[in-house]
Amino acid sequence: MNKVLKYILLLNLCLVAASTIGSAWVSRSVGSQAYVAGAAAAVVVGIAGSIALVLTYLYCRQSDSSTSSSSSAGSSNVTGILLAMLVRMGLPLLVVMLLMQTKHPLMQAGFFGLLTINYLVALPIETLLSLQFINPSKPTNPTGQCDSGRLSESGLNGSSS
């Protein structure tokens with residue numbers, strides 16, 4: 001769990017940097033409200049990304065501790081990644097829909113653009129961090145090489161038998 005907390009901290013530090021740069025750029029046209037919108041966008045994306053990392057970690061840890069076949073472990077990994085993706089995309093989308101429905105002043109302050117910037121910064125970072133939790137399925141041959149004996153017996157290696 002310590003690894004997850006480090007990854008969450010790293011993700012959110014990158015979002016603070018992206019939000020600060022993006023807000024400074026947007027504030028030239030909309031004023032100081034851009035900093036509030038940028039902070040809100042970073043919080044929304046940070047929460048969604050943090051939840052997604054935790055879900056990926058929990059599902060991948062579950063597949064590591066299961067003693068079942070590698071196909072069920074792989075399906076648990078996929079389930080965790082897809083559930084994390086739903087949270088990562090769904091929460092920011094829900095927030096934008098709610099703010100648009102209520103005609104919130106943050107939307108006038110550039111919230112949507114800043115949310116997009118934060119999302120696009122977080123996506124590759126979070127993807128790379130999530131991949132650290134996934135253990136690839138073990139191949140049937142521990143060396144990872146083709147079994148040349150079977151290939152030569154079936155005549156697939158170009159020799160005639």
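The values are calculated or read from the model by the stated rules, or taken from the named source; none is laboratory data. Everything numeric here is computed off the predicted structure, so don't read it as measured data. No Cβ is skipped: glycine too gets one built from the backbone with ideal geometry, and neighbour counts run over all protein chains shown.
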> Restricting attention to the range 54-86, which residues are in contact with a Phe, Trp or Tyr (Cβ under 7 Å, 6 or more places away or on another chain) and modelled with pLDDT under 80?
Replying inline: SER76, ASN77
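Can we say ILE51 is surrounded by fewer than 19 Cβ atoms within 10 Å (Cβ to Cβ), at pLDDT 90 or above and out of contact with any strand residue (DSSP E or B) (no Cβ under 6 Å at 6 or more places or on another chain)?
Values: surrounded by fewer than 19 Cβ atoms within 10 Å (Cβ to Cβ): yes; at pLDDT 90 or above: yes; out of contact with any strand residue (DSSP E or B) (no Cβ under 6 Å at 6 or more places or on another chain): yes.
Yes; evaluated as a whole, the condition is true for this residue.
For the range 1-29, give me the residue count where each residue is more than 30 Å from ARG61 (Cα to Cα) and surrounded by fewer than 15 Cβ atoms within 10 Å (Cβ to Cβ).
Residues flagged as more than 30 Å from ARG61 (Cα to Cα) and surrounded by fewer than 15 Cβ atoms within 10 Å (Cβ to Cβ) within the range 1-29 amount to 6.
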> If you scan the range 95-129, which residues turn out to be without any contact (Cβ under 8 Å) to a residue 40 or more places away in the chain, more than 14 Å from ALA40 (Cα to Cα) and assigned to a helix (DSSP H, G or I)?
Replying inline: MET97, MET100, GLN101, LEU120, LEU123, PRO124, THR127, LEU128
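Residue-wise test of (1) farther than 15 Å from PHE112 by Cβ; (2) out of contact with any Leu (no Cβ under 9 Å at 6 or more places or on another chain).
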{"position": "LEU10", "(1), (2)": "yes, no"}
{"position": "LEU13", "(1), (2)": "yes, yes"}
{"position": "SER19", "(1), (2)": "no, no"}
{"position": "GLY22", "(1), (2)": "no, no"}
{"position": "ARG28", "(1), (2)": "yes, yes"}
{"position": "ARG61", "(1), (2)": "yes, yes"}
>> So for the range 98-108 (the condition being among the β-branched types (Val, Ile, Thr), at pLDDT 90 or above and surrounded by 10 or more Cβ atoms within 10 Å (Cβ to Cβ)), does at least one residue qualify?
In response: yes
>> I'd like the residue in the range 16-28 that is more than 22 Å from the chain's Cα centre (by Cα) and in contact (Cβ under 8 Å) with a residue 40 or more places away in the chain and, out of all such residues, is farthest from ILE125 (Cα to Cα).
In response: VAL26
